[in-house]
Amino acid sequence: MVIATIVSIILAVTFAILYSLARRNERTYAKYLDKIALSIGEEAGTPPLYVYERLRKKLEELEKRITETERERRNIFTILNNITDPIIIVRGDGVVTFANIAARDITRPGIEGRRVYDIIENYHLLELFERALETGEIQSADVSLVVDAEPRYYDAKVVPIKFDEESERYIIVLHDTTKEKQLDKLRREFISNVSHELRTPLTSIHGYAEALLEDDLSNKELVRKFLNVIESESARMTRLINDLLDLEKLESGDTKFNFAPVEMCQVMDRVYSIVEPLAHDYGVELDMECDEPKVVWGDFDRLVQMVLNLVDNAVKYTSTKESGEKRVIARCYEKEGKIVFEVKDTGPGIPEDAQKRLFERFYRVDKARSRKVGGTGLGLSIVKTIAERHNAIITFESKVGEGTTFRVFFDKYREKQPSKTTSEQKLGN
């Protein structure tokens, strides 16, 4: 109401002056009053007090409109600031008049009031701005920026807006497409990996089958050797296809999980009976430690699959170690209200640069070793998916030459356990 107060004072002074003038010249006073009346939509000759009252209301309405306009302006800037895509508004002379929070996060500090050439370090984006200045047309292109030392990809647009002959703005909008680029790269890698994994055994099968067809089959030892290769490569293809189908069903939610209280010691006993003969053949000492009951809420068969993958991997990769102790210890224990399943080996370990990609499909730390032990490159992806469906967290630590330790942290089972895990409920919705 500050404006109204000031206006009231001005009106009072104005009327005082007009009254003073009126005493000297009533005609001049009447003429000025009529002009004021006409300016607010009243007729000439309207009584002075009525004109004053109408003028006061007009000013109050004006102040209200100004307040609402200011509120709308603030709301618009709030909306722009909360848009996740970076938005920068630039004048025709290159000075930035506005930048939302997302834009300030990817540019230099103190962006507003500075020239766009000083705050954007990307030639292609500045070229788009220059082209929009010259043509007055919308410009768009894919650009990449380095943000926090990481490359990020954007679909950039520069939109010219002309208010009048002397006023214009250029809106730079950057839509982050980094995830799309990464997914596209993963898709291409996936297709390439699947093609390669299938091509290798198919080539072997075709080659040995062709050799058998051209042979007189008199050398039974050679025939048996070729058939063993064909059988081995066929089994490898079957494992790959089964793992692919299993992983796809797990990730899509098509696989039904039968949740119930599960005793982890029983899961480990089942896995031990499967893996122990293999460990013996590979010359790896396998120990299982689970003394007291450790109950979690889960699917028994899927937990067996998860534990089997982890223990089987540990045994196989430890067996490739050229010298030193070859031992795998799997144990289950309780810690800070969690049930922890742990697999520790004395294998070759995982290089630090490979650890970030360990759970990716088809990723192998050592391709030669992996193929030697019959790995498909999908086992850890399946393990992680099963853990997530149980609301469990999987971690690992590894040092080259010292071995690797995987841990899966489960919520401890309680009698009033819900019939579905949180992930199951989300999938059900």
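The values are calculated or read from the model by the stated rules, or taken from the named source; none is laboratory data. Everything numeric in this text was worked out from a predicted model, so none of it was measured. When we count neighbours, we look across all protein chains shown, and the Cβ atoms used for this are built from the backbone with ideal geometry, even at glycine.
For this structure, a couple of remarks:
- Matching entry among GLU334, GLU342, GLU325 (being among the acidic types (Asp, Glu), in contact with a Ser or Thr (Cβ under 9 Å, 6 or more places away or on another chain), in a strand (DSSP E or B) and assigned by TED's automatic domain parsing to the domain that holds VAL408): GLU342
- The residue that is nearest to TYR117 (Cα to Cα), counting only those in the stretch 60-100 that are among the β-branched types (Val, Ile, Thr), touching a residue at least 40 places away in the same chain (Cβ under 8 Å) and touching a helix residue (DSSP H, G or I) at 6+ places or on another chain (Cβ under 7 Å), is VAL90.
- Pairs where the first residue, in the stretch 389-403, is assigned by TED's automatic domain parsing to the domain that holds VAL307 and the second is aromatic (Phe, Trp, Tyr), C-beta under 7 Å, 6+ apart: ARG389/PHE257; HIS390/PHE410; ALA392/PHE409; ALA392/PHE410; ILE393/PHE409; ILE394/PHE406; PHE396/PHE406
- Qualifying residues in the stretch 159-179 (those that are in contact (Cβ under 8 Å) with a residue 12 or more places away in the chain and touching an Asp or Glu at 6+ places or on another chain (Cβ under 9 Å)) - the one surrounded by the fewest Cβ atoms within 10 Å (Cβ to Cβ): LYS162
- Taking every residue in the stretch 319-345 that is at positive phi and pairing it with any residue that is surrounded by fewer than 19 Cβ atoms within 10 Å (Cβ to Cβ) and of a type in the set (Lys, Arg), at least 6 positions away or on another chain, the pairs with Cβ-Cβ distances below 6 Å are GLY337/LYS412.
- Any hit, the stretch 253-276, residues being out of contact with any Asp or Glu (no Cβ under 7 Å at 6 or more places or on another chain), closer than 20 Å to SER381 by Cα, assigned to a helix (DSSP H, G or I) and at pLDDT below 90: no
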